[in-house]
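Novice: Starting off with a structure, shown below.
Quick note: the coordinates plus some simple rules give every number you see, no bench work behind them. This is a predicted model, so every value here is computed, not measured. For neighbour counting, all protein chains shown are included, and Cβ atoms are generated from backbone atoms with ideal geometry for every residue, glycine included.
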Amino acid sequence: AASSYLRGVPYIQVPTSLLAQVDSSIGGKTAINLSYGKNLVGCFYQPKLVLIDTNALSTLEQDYIRDGMSEVIKYACIDDKDFFEFLMNLKISSLSSHYEDIVYKCCNIKKKYVESDERDTGIRMKLNFGHTIGHAIEKYFDYEYYSHGQAVAIGMYNICLESEESGYTEYGTSDKIKEILIKYGLNYNLPNMDMDKFEKIIKSDKKNMSDRLNLIYLKRIGEANIVNKYILE
Ligand code: GLY
């Protein structure tokens, strides 16, 4: 609304979920959903300010913390091995006392990608690790059963399994991802789905304008690359 009204009025983001604090409030992606899918009409429109108070997180149900932790784990997977180790070694009972550090770390990683590729035509695409499969799972279940974070968690594990099996990814990486997802109460197995229908959904992803698809593969934990592949036949 802010980007369209009067051809643009200033706006401020005040995110109160973990997922919004670490990801969606930063970077200026705005969109609304259509019946055909999520975030299909929108534009890049940067907020004047993102105001984050991590005290808001203590008011959330655990499901919402889990949901956001999936994106937190994503940042560690694509960009920061030490952060991954930190999350792996963190006692779940002390997670809330580290919210500020975790949010700050993720915001800085996201800032780096957005500043060098605001329009998402290059390096920013790495933030989509796990999202091709994740978005398709959300859509397959009509956005009712899997939250974004849960679907992305499954997506991260399964895309990593695929790239590891193809020899691209360092052996053992998908097991590490599985371990951290279990630790933070996230799913990793693909749900039972009709695979033809699922693949059709992947092919109709809004970012897929040709017969090729940009997938984000990990080389190892902390290092991601964009791999342009022919869509599965
Ligand atoms: N959530 C991914 C991005 O902002 O590019």
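Novice: How high is the FRET efficiency between Leu95 and Leu6 when r is their beta carbon distance and R₀ equals 35 Å, given to the nearest 0.05?
Specialist: Details: r = 42 Å, r/R0 = 1.21.
With a Förster radius of 35 Å, E is 0.25.
Novice: For the chain, what is the calculated [θ] at 222 nm in deg cm²/dmol (nearest 500), taking -39500 (n - 2.57) for each run of four or more DSSP H residues and dividing by its residue count? If you can, show how the numbers build up before the last one.
Specialist: Details: 7 runs with 93 residues, N = 233.
Mean residue ellipticity, 222 nm, calculated: -12500 deg cm²/dmol.
Novice: Hey, another quick one. What length, rounded to one decimal in nm, is gained on full extension from Glu165 through to Asn228, with 0.36 nm per residue of separation minus their alpha-carbon distance?
Specialist: Answer, rounded to one decimal: 21.0 nm.
Novice: Further question: Using amide H atoms built in the peptide plane, which far-off residues or other-chain residues are under 5 Å from Lys219 H to H?
Specialist: Distant-sequence amide H within range of Lys219: Ala224, Asn225.
Novice: Another question about this same structure. Once Rh is set to the Kirkwood radius over Cα pairs, what Stokes-Einstein translational diffusion coefficient, in µm²/s, holds for the range 46-86 at a temperature of 4 °C and a viscosity of 1.567 mPa s?
Specialist: Details: Rh = 12.1 Å.
For the chosen part, D equals 107 µm²/s.
Novice: So which GluC sites (Glu not before Pro) in the range 1-105 pass both tests, a DSSP loop state and at most 15 other Cβ atoms within 10 Å of the Cβ? Could you put the intermediate results ahead of the total?
Specialist: Details: sites: Glu61, Glu71, Glu85, Glu100; in loops: Glu61.
Taking the range 1-105 and a limit of 15 other Cβ atoms within 10 Å, the loop GluC sites (Glu not before Pro) found are Glu61.
Novice: Something else now. Determine the dipole magnitude for the chain: charges of +1 sit on the beta-carbon of Lys and Arg, -1 on that of Asp and Glu, nothing else is charged, the reference point is the Cα centre, and the result goes in debye to the nearest 20. Please report the intermediate quantities before stating the final value.
Specialist: Working: 28 positive and 32 negative charges, 132 e Å.
So the magnitude is around 640 debye.
Novice: List the trypsin sites (Lys or Arg not before Pro) in the range 1-66 that DSSP assigns to loop (not H, G, I, E or B) and whose Cβ has at most 14 other Cβ atoms within 10 Å. Which are they? If you can, show how the numbers build up before the last one.
Specialist: Numbers: sites: Arg7, Lys29, Lys38, Lys48, Arg66; in loops: Lys48.
Those satisfying the criteria are Lys48.
Novice: If we count every other residue with Cβ under 9 angstrom of Ile109's Cβ, Lys/Arg +1 and Asp/Glu -1, where does the sum land?
Specialist: Once all neighbours under 9 Å are counted, the net charge is +2.
Novice: While we're on this one: What's the percent breakdown of Cα-Cα distances in the range 102-145 across 5 Å bins, shortest bin first?
Specialist: 5, 21, 18, 18, 16, 15, 7
Novice: Now a separate question. First obtain the Kirkwood hydrodynamic radius of the range 10-81 from its Cα pairs, then insert it into the Stokes-Einstein equation at 25 °C and 0.890 mPa s, and state the resulting D in µm² per second as a whole number. Before the final figure, lay out each step's value.
Specialist: Working: Rh = 13.5 Å.
Answer, rounded: 181 µm²/s.
Novice: Taking a quarter of the surface of the convex hull around the Cα atoms of the chain, what do you get in nm²?
Specialist: Details: hull surface 50.8 nm².
Projected area, direction-averaged: 12.7 nm².
Novice: Right, something else. Give me the net charge for the shell around Asp23: Cβ to Cβ below 11 angstrom, other residues only, Lys and Arg +1, Asp and Glu -1.
Specialist: Summing Lys and Arg as +1 and Asp and Glu as -1 gives +1.
Novice: For the range 21-42 and the range 55-101, what is the centre-to-centre distance using only Cα atoms, to the nearest Å?
Specialist: Each part's Cα centre sits 22 Å from the other's.
Novice: I want to verify a result. In a Gaussian network model of the chain, Cα cutoff 10 Å, which of these has the top mean-square fluctuation: Tyr36, Tyr45, Tyr75?
Specialist: Judging by the Gaussian network model, the answer is Tyr36.
Novice: Find out how many positive minus negative residues lie around Ala224, taking Lys and Arg as positive, Asp and Glu as negative, among other residues whose Cβ is under 10 Å from that of Ala224. Could you put the intermediate results ahead of the total?
Specialist: Details: positive: Lys74, Lys126, Lys219, Arg220; negative: Asp79, Glu223.
Net of charged neighbours comes to +2.
Novice: Ok, one more. How large is the Kirkwood hydrodynamic radius of the range 1-122, in angstrom, based on all distinct alpha carbon pairs?
Specialist: Values: mean 1/r = 0.0640 Å⁻¹.
Computed over the range 1-122, the radius equals 15.6 Å.
Novice: Just to be sure I understand: with springs between alpha-carbon atoms less than 10 Å apart, which residue in Asp205, Asp194, Asp82 has the highest mean-square fluctuation in the Gaussian network model of the chain?
Specialist: Taking springs between Cα atoms under 10 Å, the residue moving most is Asp194.
Novice: Also, quick follow-up: Among Leu40, Tyr5, Asn108, whose Cα sits farthest toward the positive end of the charge dipole of the chain (+1 at Cβ of Lys/Arg, -1 at Cβ of Asp/Glu, about the Cα centre)?
Specialist: The Cα lying farthest towards the positive end belongs to Tyr5.
Novice: Can you tell me what the convex hull of the Cα atoms of the range 147-233 projects to on average, as an area in nm²? Each step should come with its number before you reach the end.
Specialist: Working: hull surface 24.4 nm².
Convex hull of Cα atoms, orientation-averaged projection: 6.1 nm².
Novice: Could you calculate the contour length gain from Asp117 to Ile32, that is, 0.36 nm times the residue separation minus the distance between their Cα atoms, to one decimal place in nm?
Specialist: Fully extending the segment from Asp117 to Ile32 adds 28.4 nm.
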